[in-house]
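Note sheet for the following structure.
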Amino acid sequence: MDLEKIEFLPDDFEFVGDKQDITKDVVAPSLPAWKDSLNRFKKNKGAVIGLICILVIAVFAIFAPMFSSYKFDAINTKIASISPCAEHFFGTDTYGRDLFVRVWTGTRYSLFIAVVAIFIDVIVGMTYGLISGYFGGKVDSVMQRIQEIINSIPTLVMKASLFTIIMALSFTEWIGMSRITRAQVLRVKEEEFVLASRTLGASNLFIIFKEILPNIYSQMIIMIMMSIP
């Protein structure tokens, strides 16, 4: 067959797949960062299911001990070692304490310690890492030496209490957050948008919290989620 003698009519071919009118410029709507993150989160079924499980656990930890007629530390040997039943959902231990109340009371304390300790770690560690990484030079060197000294201090010996646990966890745990933050700041602070802000006369505080922090918070969220357990 001689291809040169074949004549093609205008209707012989058409574009397959893309039916969009290429003469129209369609621009995606601009969304705030939090709304874009929320939309992506909703599409992840595993993340949604995980959040629901966490909320259920938190609700039980807060309200289950409040609505129970049993106290987590109340000893009653008459009902010791009872199997799970309608009155004692998880049964009782060898001292007759209700295990259902004890489990959710322990969960409440665990969540409280984790949230408070991580909050302190985030505030101290992230601020420390942002300052150290952004200014660099002698400031960074001195701050890193201070960090190493604090990290080498042994565990504090204090009276056992909820406050002691939180302080012990917060005393050195912020250092890991600080190191991750510093590494991310060293990477981002050389980007063009940071240079543009500095050229336009933006203050160091503005650049740190308005330009750098929003571009590293995803790594911080991962660090927080790994630290809570």
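Nothing in this text is a laboratory measurement; each read-out follows from the coordinates by a stated rule. Just so it is clear, the model here is predicted, and its values are computed rather than measured. Every residue, glycine as well, gets a Cβ built from its backbone with ideal geometry; the counts of neighbours run over all protein chains shown.
I want the local charge near residue 134. Using Cβ-Cβ distances under 15 Å, sum +1 for each Lys or Arg and -1 for each Asp or Glu among the other residues.
Numbers: positive: 138, 179, 182, 187, 189, 198, 210; negative: 140, 190, 191, 211.
That works out to +3.
Remark: spin-label model distance residue 144-residue 59 equals 4.9 nm, labels positioned 7 Å along the Cα→Cβ axis. Radius of gyration over Kirkwood radius for the stretch 104-171, both on Cα atoms: the Rg/Rh ratio is 1.10.
Backbone phi angles across the stretch 199-208, fed through the Karplus curve with coefficients 6.51, -1.76 and 1.60 (θ = phi - 60°), yield HN-Hα couplings of 5, 7, x, 5, 6, 4, 5, 5, 5, 5 Hz in residue order; Gly and Pro are listed as x.
Count charges around residue 191 for me, please; just the other residues with Cβ under 12 Å from its Cβ, Lys/Arg as +1, Asp/Glu as -1. Show your work: numbers first, answer last.
Working: positive: 187, 189, 198; negative: 190, 192, 211.
Taking every other residue near residue 191 into account, the sum is 0.
The magnitude of the dipole of the stretch 113-187, with charges of +1 and -1 set on the Cβ of Lys/Arg and Asp/Glu and taken from the Cα centre, is near 140 debye.
Amide H contacts under 5 Å for residue 91: 85, 99, 100, restricted to partners 5 or more places along the chain or on a different chain, H placed in the peptide plane at 1.01 Å from N. Applied to the stretch 212-229, the Karplus parametrisation 6.51 cos²θ - 1.76 cosθ + 1.60 on θ = phi - 60° returns per-residue 3J(HN,Hα) values of 7, 4, x, 9, 10, 5, 5, 5, 5, 4, 4, 4, 5, 5, 7, 7, 4, x Hz, with x for Gly and Pro. For the pair the stretch 156-207 and the stretch 84-137, the centres of their Cα atoms are 22 angstrom apart. In vacuum, with every alpha carbon of the stretch 57-173 counted as one equal point scatterer, what does the Debye formula give for log10 I(q)/I(0) at q = 0.18, 0.19, 0.21 Å⁻¹? Two decimals, please. Debye output, listed in q order: -0.94, -1.00, -1.10.
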